[in-house]
1. Does residue B:40 count as closer than 11 Å to residue B:3 by Cα, loosely packed, with under 15 Cβ neighbours inside 10 Å and more than 8 Å from every other protein chain (Cβ to nearest Cβ)?
2. Taking residue B:35, is it under 15 Å from residue A:57 (Cα atoms) and outside any strand (DSSP E or B)?
3. Out of (1) at the interface with chain B (Cβ under 10 Å from one of its Cβ atoms); (2) in contact with a strand residue (DSSP E or B) (Cβ under 7 Å, 6 or more places away or on another chain); (3) farther than 19 Å from residue B:33 by Cα, the odd one out for residue A:52 is which?
4. For the structure I just gave you, tell me whether residue B:12 is more than 16 Å from residue A:48 (Cα to Cα), exposed (fewer than 13 other Cβ atoms within 10 Å of the Cβ) and modelled with pLDDT of 95 or more.
5. Scan (1) within 14 Å of chain A (Cβ to nearest Cβ); (2) on the phi > 0 side of the Ramachandran plot for the single condition residue B:27 breaks and write down its number.
6. Yes or no: residue B:17 assigned to a strand (DSSP E or B) and farther than 21 Å from residue A:32 by Cα?
7. Take the conditions more than 9 Å from every other protein chain (Cβ to nearest Cβ), touching a residue at least 12 places away in the same chain (Cβ under 8 Å) and more than 19 Å from residue B:6 (Cβ to Cβ) and apply them to residue A:62. Does it pass?
8. Going residue by residue through region A:5-20, is there one that turns out to be within 10 Å of chain B (Cβ to nearest Cβ) and closer than 24 Å to residue B:61 by Cβ?
């Protein structure tokens with residue numbers, strides 16, 4: 001399965017937001033809905049900083065950083 | 001490998017932008033750099049409309065749609 005883990009980029013590292021994300025959809029300006037492979041959901045506010053799919057990583061940064 | 005294919009969402013369907021995308025990074029407002037698993041690159045202007053990672057799909061829509 002090709003789900004990815006979503007992380008906040010923080011100074012000095014990465015903080016896990018959610019594991020095993022399947023679907024990511026915009027919910028407005030700088031807001032995203034993450035849906036996991038088991039149907040769990042989380043909405044976050046931030047910008048996509050990068051994705052490295054082969055590494056299963058989606059990186060977000062907080063808006064305003 | 002968990003690369004994905006990038007598509008434009010068009011009326012009535014999807015148009016392939018690039019296959020086997022590994023990395024996606026913002027290059028400014030509504031501009032994205034796609035890098036494939038073999039190092040091929042493409043820059044596009046648009047918004048992320050959705051990702052379905054288990055289906056290996058990243059969907060973009062043109063800005064202004």
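The values are calculated or read from the model by the stated rules, or taken from the named source; none is laboratory data. Worth saying up front: this structure is predicted, and the values here are computed from it rather than measured. Using ideal geometry, Cβ is built from the backbone for each residue, glycine included, and neighbour counts are taken over all protein chains shown.
1. No.
2. No, not satisfied.
3. Looking at each condition in turn, residue A:52 falls short on (3).
4. On the way: more than 16 Å from residue A:48 (Cα to Cα): yes; exposed (fewer than 13 other Cβ atoms within 10 Å of the Cβ): yes; modelled with pLDDT of 95 or more: no.
No, not satisfied.
5. If we test residue B:27 against (1) within 14 Å of chain A (Cβ to nearest Cβ); (2) on the phi > 0 side of the Ramachandran plot, just (2) comes out false.
6. Numbers: assigned to a strand (DSSP E or B): yes; farther than 21 Å from residue A:32 by Cα: yes.
Criteria met by residue B:17.
7. When the stated conditions are applied, residue A:62 passes them.
8. no
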